Structure formats: C-alpha cells, structure tokens
C-alpha cells in the first residue's frame with residue numbers, strides 16, 4: 001500500500017530536460033538584452049564584469065545538462081530542486097548587482113515559485129520557497145545601487161518594505177492557490193488512471209469468451225492433423241500391437257481436446273439477451289453475493305413488489321457492475337448488521353437506495369464525497385475497518401456518471417444511524 005501511495009504522489013512530478021533547458025536559454029538571452037538596453041539606452045551604469053560572469057554561469061550550467069541527461073527525459077525531484085535552486089540564486093545575484101528590490105525585475109522570483117509549486121512535492125517546494133524569501137530579504141538590505149547621472153534614484157525605505165511585503169504575500173498566495181489546484185489535478189489524474197485500469201481489467205475478463213473462441217479456431221487445425229496421422233499409422237501392418245494401442249489412446253485424447261475446444265469456441269451471440277443483459281433483481285442478487293461473502297445480512301425490497309420492476313433489463317456494462325459493487329462493498333464494510341437495497345421507480349427513473357446501519361458519513365467530508373482520496377467514513381470507522389486510498393466512491397461515481405447515472409450520498413435522519421447512497425438510473429437509456 002505504501003508503494004502505491006508513493007507512486008501516486010509522484011505522478012506527473014519533475015520537468016522535462018528540454019523544457020528546462022529552453023527556459024534557461026530564454027533567461028540568458030533576456031538578461032543579456034535587458035542589461036544592454038538598460039545601459040546603452042537608459043544610461044544606467046552597471047557592473048559589467050559581475051553581471052557578465054553571472055549570466056555566463058547560467059549558460060555554462062545549462063550546457064552541463066546536455067551530457068548528463070537525455071533531452072526528452074524528466075528530471076527527478078532532487079535534480080529538479082537543485083536546478084531551480086541554482087536558477088533562483090543566479091537571479092538573486094543579477095538583482096543584487098542591479099539595484100536590489102528597487103529593480104522592477106525582482107518579480108521574476110515569482111516565475112520560479114510558479115514552476116516549483118506546479119512541478120514538485122511539498123518538501124522540495126518548501127525548501128525553494130524558504131530560499132527565495134531569504135534571498136529577497138537579503139536583497140532588501142544589501143545590493144549594488146542603480147546609478148544614473150541624470151536621475152535621483154534614492155529609494156525610500158517604505159518602498160523597499162512594501163516591495164518585500166508584496167513579494168512575500170504573492171509567494172504565499174501562489175503556493176496555496178496554484179499549489180492546491182495542481183495537487184488536486186495530480187490526485188484526480190492518478191485516481192482516474194486507477195479507475196481506467198480497473199475498468200480495463202473488468203473488460204478483459206468479459207472478453208475471455210472471445211479469446212477462447214480464437215484459441216479453439218487456431219488449435220483445431222493442428223489437432224486435426226495429429227488425429228489424421230494417428231489414424232493412418234494405426235492401419236499400417238508393420239506397426240506393433242503395443243504401438244497401435246498407444247495410437248488409439250492418442251486418437252481418443254485428441255478427440256477429447258477437440259470436444260473441449262469446440263465447447264469453448266461456442267461464443268454466444270452478441271444479440272443474446274441472456275448474455276448481454278441482466279434483470280435488475282438478478283443484478284442486485286449478484287451484488288449481494290459480495291455481502292454474503294463477508295458474513296453480512298442483506299435484504300432487497302422492490303416498490304410494491306412489482307414483477308415488471310424486478311425484470312427490468314439492464315445492459316451488462318463493466319462500468320455499471322464495477323460502480324455498484326464498490327458501493328455495496330463499502331456499505332458491507334461499515335454496517336453494524338445489515339445492508340438494505342430498496343428499489344423504487346417513476347416514469348423517468350429507477351432509484352436504488354443502498355443503506356447500512358453503521359455510523360454514517362462524517363459531516364466534515366460529506367460535501368466532498370466523490371473527490372479522489374477522500375475517505376467516506378469517520379476516523380473511528382477507518383481504524384476499525386482499515387483505510388484504503390479513499391478511491392472507492394470516486395471510482396463508482398466516475399464510472400456510473402459515464403452512463404448517465406446520478407449518485408447522491410447522505411446520512412439517515414436521526415435518531416436512526418447509517419448512510420444512504422441513492423443511485424438514480426434513467427429508464428429511457430437502458431444504459
């Protein structure tokens with residue numbers, strides 16, 4: 001379980017070497033052009049030796065990435081952190097030699113923060129944010145002042161303090177806002193990948209009959225050849241009796257194999273309702289087998305005990321079976337004694353209410369149910385029953401909504417306890 005969590009948490013982290021190299025070349029070119037414009041067109045005196053060495057250091061470090069990494073590979077977390085940290089320090093040196101916080105280009109620190117919070121986990125992000133704030137603070141006190149013979153560039157202290165505060169607040173805002181959105185996106189992508197894998201596995205199981213038919217078709221020819229040769233050898237006069245007995249046994253075994261393959265090759269028609277569709281009552285009874293395996297009692301109630309409702313046909317969709325089974329198993333995990341499946345209908349929908357008599361959903365996460373990695377029960381329940389990744393309800397909701405099915409989760413009204421998941425199936429779609 002731990003390895004799975006680590007894999008998910010690292011999904012999508014790191015930056016492609018090609019992307020990072022291109023961004024750094026843009027930085028080299030941009031810094032060079034800006035310094036020329038500031039010096040020759042705006043008449044500012046700049047410490048050219050220090051600035052040139054700082055830009056040259058960035059260019060050399062960029063060349064160093066070429067032999068160490070394939071251009072299309074992604075850097076791991078550690079390498080990405082070191083590269084961005086080096087870029088932050090290089091930018092700080094450039095700002096240091098060109099006026100400190102009075103330099104309007106100090107806002108470029110925010111680009112590194114944006115890259116950091118969208119590409120790295122919280123540990124590396126925290127390190128780089130602390131480094132940035134530390135360097136910005138140093139630049140407020142120590143720097144090479146900008147010099148212009150025609151302008152008075154004395155910067156009031158209140159301006160420096162205001163610039164530091166604005167950068168600090170913006171960095172925090174970017175961290176929590178962009179970082180939060182990115183984290184949600186990563187979790188959703190990882191959860192959808194897991195849901196897709198489960199769905200593919202379910203569909204692969206459903207396609208085994210097709211594989212069996214193909215195997216029967218391809219093995220039929222070599223088995224026929226073996227049978228033909230064995231029969232011809234039996235009729236040879238110079239074959240010993242013991243060998244003929246073996247050939248008879250071989251022929252019989254070949255016929256048995258052909259019979260088995262023949263039964264496997266009888267692939268049902270895709271138009272056969274017994275195969276492609278399932279009655280609602282049969283579907284619910286099939287789901288309740290999952291509950292029986294856990295030793296939990298169950299009851300299925302149909303509105304007015306309507307026989308037409310019981311025989312309502314649904315397509316055997318993998319999304320439907322997997323989505324409903326997750327909800328039923330979740331109810332069985334957290335009920336104290338019994339799981340109820342109550343079915344009602346109107347002209348437009350069939351409503352299936354799956355309810356247990358456990359503690360119910362935690363109020364703190366009830367509105368967030370359906371989000372990935374949000375466990376659907378209270379802490380005490382998770383300790384008693386064990387806690388997974390919080391993906392079961394998310395997977396069910398995602399798969400069922402693909403079929404146009406709605407899901408609503410809520411708790412029973414007091415004094416009763418327990419959770420209810422209402423699954424609303426449109427009657428006109430038949431899924």
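Read-outs: derived from the displayed coordinates by stated rules, not from any lab. Fair warning: this is a prediction, and the values are worked out from it, not measured in the lab.
For q = 0.12, 0.22, 0.23, 0.24 Å⁻¹, what log10 I(q)/I(0) does region 277-354 give under the Debye formula with an equal point scatterer on each alpha carbon and no solvent? Ignoring solvent entirely, the Cα scatterers give -0.32, -1.05, -1.13, -1.21. In region 37-149, one over the average inverse separation of all distinct C-alpha pairs is 15.4 Å, which is the Kirkwood hydrodynamic radius.
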